[in-house]
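The values are calculated or read from the model by the stated rules, or taken from the named source; none is laboratory data. This structure is a prediction, so every number in the text was calculated from the model and none was measured. So basically every Cβ, Gly included, is an ideal-geometry build from the backbone, and we count neighbours across all protein chains shown. Ligands, DNA and RNA are excluded from the accessible area calculation, which covers all protein heavy atoms including side chains. Shrake-Rupley method; radii C 1.70, N 1.55, O 1.52, S 1.80 Å.
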Amino acid sequence: MNDDTILKSELENWWATGISDIRPGRIRLRGHEISELILDWDFVSVIWLMAMGTTPTDSQSRLFEAALVASVDHGPQAPSIAAARMAATCGIGLNSAMATGVNLLGDVHGGAGQQCVELLYEIRELEDSGVTAGEAAQKVVDAWRLRTKYIPGFGHRFHAYDPRRDPLLGLVDAAIAEGAVGGRYLRIGKEIEAILSQGRTRAIPMNVDGATAIIYAELGFPAPLARGVFALARSVGILAHAWEESNNGTRIKGPMPRSINPRYLGST
Ligand SMILES: CC(C)(COP(=O)(O)OP(=O)(O)OC[C@H]1O[C@@H](n2cnc3c(N)ncnc32)[C@H](O)[C@@H]1OP(=O)(O)O)[C@@H](O)C(=O)NCCC(=O)NCCS
């Protein structure tokens, strides 16, 4: 090989990708012509194809869609939405307002699905090593509790009982009955929920991140993708709120009305 060939090969490998094959007049994604995707695929299945690299079955796609729909919005009470609305009044474009909201999704708000999937996988691995069901969940939850008071995917600041939990888990039950998913992570999720509520007068039920984490684990998603797809779903609500706020005409809307000042705690 001469130097030119080596350089060309190095350049071709620089952004080598298994996702898209783009050439003049041609767009293929994960081996599918873009015309096929446009004409025959739905958006949710295309998200799966792009992120997971495989074609979902109808049942998988339905379950994935439900997790996405459940996550689209939680109103201006959610920091991701409030921040995007505030950003929209600052003279930036919708894309920047959306990025502001998405950037707030982290371990505590909106991003806990990732750790919850990790938790579910950790318990399953312990079971696979021979520890009995139930005991494995207790051991792993105890170990997590040494690191954090808050187990990801459970509890909610607003809802004593997250209204997204039951419909999502109902769909997992239906998918189990169809043979589309195994149901092991649903069982584990419910075990964690029972452990967290033991001895408490007020239960700590699963929240949307927990219920969707069960879905993502049942569907075989790697844990970090749970956060990625949550960000995709929440972007829908963020977009709608940023757009609504940008149409309100208010310029530079701060976090609270101008008539109220934050309490000053310094020396007088
Ligand atoms: C969502 C969250 C921030 C709400 O917290 P909060 O409203 O401040 O709840 P509090 O801190 O007042 O908790 C009330 C009690 O429930 C307990 N609790 C709440 N969430 C818990 C959790 N996920 N795991 C274990 N205990 C929890 C607290 O320890 C506290 O117990 P105490 O009264 O014995 O001290 C919290 O539940 C949490 O961090 N959950 C994990 C992260 C997560 O899933 N985020 C996504 C939210 S949709």
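Details
- Which numbered condition residue 51 misses (of (1) open to solvent by 50 Å² or more (accessible area, probe 1.4 Å); (2) in contact (Cβ under 8 Å) with a residue 60 or more places away in the chain; (3) more than 27 Å from residue 252 (Cβ to Cβ)): (1)
- Restricting attention to region 192-207, the residues being within 18 Å of residue 230 (Cα to Cα) and open to solvent by less than 10 Å² (accessible area, probe 1.4 Å) number 1.
- Residues considered: 210, 189. Of these, the only one that is within 10 Å of the ligand (Cβ to nearest atom) and either open to solvent by 50 Å² or more (accessible area, probe 1.4 Å) or touching a strand residue (DSSP E or B) at 6+ places or on another chain (Cβ under 7 Å) (or both) is 210.
- All positions within region 52-74 that are more than 16 Å from the ligand (Cβ to nearest atom) and of a type in the set (D, E, K, R): 58, 62, 65
- The set of residues from region 1-29 being open to solvent by less than 70 Å² (accessible area, probe 1.4 Å) and not in a loop (DSSP other than H, G, I, E, B) comprises 5, 9, 20, 21, 28, 29.
- Single condition residue 65 does not satisfy, out of (1) under 18 Å from the mean Cα position of the chain (by Cα); (2) part of a loop (DSSP other than H, G, I, E, B): (2)
- Odd one out for residue 202, checked against (1) more than 9 Å from the ligand (Cβ to nearest atom); (2) more than 28 Å from residue 234 (Cα to Cα): (1)
- For region 75-92, taking the residues that are in a loop (DSSP other than H, G, I, E, B) and within 16 Å of the ligand (Cβ to nearest atom), the one that is farthest from residue 207 (Cα to Cα) is identified as 76.
- Among (1) among the aliphatic types (A, V, I, L, M); (2) open to solvent by 60 Å² or more (accessible area, probe 1.4 Å); (3) not in a helix (DSSP H, G or I) - the single one residue 72 does not satisfy: (2)
- Checking each residue of region 38-61 against the condition of being within 17 Å of the chain's Cα centre (by Cα) and charged (D, E, K, R) gives no match.
- In region 93-122, the residue that is most open to solvent (accessible area, probe 1.4 Å) out of those that are near the ligand (Cβ under 10 Å from one of its atoms) and out of contact with any Ser or Thr (no Cβ under 7 Å at 6 or more places or on another chain) is 108.
- If you go through region 145-156 and pick out every residue that is more than 9 Å from the ligand (Cβ to nearest atom) and within 13 Å of residue 118 (Cβ to Cβ), you end up with 1.
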